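The structure appears below as C-alpha cells.
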Amino acid sequence: MKVMIGSRNPAKYMAVQQALEGLGLKGSDTVSIDVDSGVRNQPLTDEETIEGALQRAREALDKSGNAEFAIGLEGGVVLDNTTSFPVMICNWGALVAKDGKEYIAGGARIPLPAAFREELLAGKELGDLMDLYCQRKDIRKHEGAVGIFSDGAVTRLQMFEHVCQLLIGQWKYDRKKQA
C-alpha cells in the first residue's frame, strides 16, 4: 500500500511511519514530499492549522498517482486573550483517501510563554522562536516546543504520531463499515 506524506520534516515522516506500523500496516510504501500548506508559515488558529493539514494531504495525494491515502500534518498556535493562557500549541492532521473521503484529528495542547504572542503576531514562526529561546537549532525537527515545555515527556514526533493514529484509525473504521 502506498501512503503519501505532505512534508519532508523528519518528525512528521517518522510519526506516520510509526503509526502505520503500530496499526498493523507495516511495510507500507511511504513517500514524503514537499507540498505547500496554503496557509501562513505559522498558522495562528485551529481553523488555519486544519486547513494547512488538509491542503498538504490533498496536494500530496494529487501528486502521488496511485496512493491509498495521503497525510498532512500541521503545527500551529492558538492566540486567545480570553484565558490566562494567551498562547497555546495546537497541531492537526488530515488524511485524504483515494476515494475522496477526508478525515481530521487534533492533538495535544500546552501553553507557551506569553511573551511569544507579540513575536508570533509579527510573523515569526514558533520554530524560530524556540531556537532563540533554547539557544539551539532545528528544535522543530526534533523534540519541538512540546518536548521542551513538557521536559521531554511528549515529543513532537509522539504528538504527531498520536494524531496519525487517530487519522488512520478513522480510515480503517470506515473501510470495515464498507466491507
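The values are calculated or read from the model by the stated rules, or taken from the named source; none is laboratory data. Computed from a prediction, not measured in an experiment: that's the story for all the values here. Cβ: placed from backbone, ideal geometry, glycine included. Neighbour counts: every protein chain shown. Please note that ligands, DNA and RNA were not included when accessible areas were found on the heavy atoms of the full protein model with its side chains. Shrake-Rupley method; radii C 1.70, N 1.55, O 1.52, S 1.80 Å.
For this structure, a couple of remarks:
- Top-ranked residue in region 107-119 [being surrounded by fewer than 20 Cβ atoms within 10 Å (Cβ to Cβ) and touching a strand residue (DSSP E or B) at 6+ places or on another chain (Cβ under 9 Å); ranked as farthest from residue 79 (Cα to Cα)]: 108
- Residues in region 110-130 that are free of Cβ contacts under 8 Å to residues at least 40 places away in the same chain, part of a helix (DSSP H, G or I) and aliphatic (A, V, I, L, M): 129, 130.
- Strands (runs of 3 or more DSSP E) wholly inside region 1-109 that include at least 1 residues being of a type in the set (D, E, K, R) and in contact (Cβ under 8 Å) with a residue 12 or more places away in the chain: 2-5, 29-32, 69-79, 102-106
- Residue selected from region 152-175 under the condition part of a helix (DSSP H, G or I) and open to solvent by 60 Å² or more (accessible area, probe 1.4 Å), by the criterion nearest to residue 12 (Cα to Cα): 158
- Residue that is nearest to residue 145 (Cα to Cα) [pool: residues in region 160-179 that are aromatic (Phe, Trp, Tyr) and either touching a residue at least 24 places away in the same chain (Cβ under 8 Å) or touching a strand residue (DSSP E or B) at 6+ places or on another chain (Cβ under 6 Å) (or both)]: 160
- The one condition in (1) of a type in the set (Val, Ile, Thr); (2) modelled with pLDDT of 95 or more; (3) surrounded by 20 or more Cβ atoms within 10 Å (Cβ to Cβ) that residue 148 fails to fulfil: (3)
- Residue within region 135-145 that is surrounded by fewer than 18 Cβ atoms within 10 Å (Cβ to Cβ), among the acidic types (Asp, Glu) and closer than 18 Å to residue 39 by Cα present: no
- Matching option when the condition is under 15 Å from residue 165 (Cα atoms) and aliphatic (A, V, I, L, M), among 95, 54, 79: 95
- Residue match in region 22-40 (condition: in contact with a helix residue (DSSP H, G or I) (Cβ under 7 Å, 6 or more places away or on another chain) and on the phi > 0 side of the Ramachandran plot): yes
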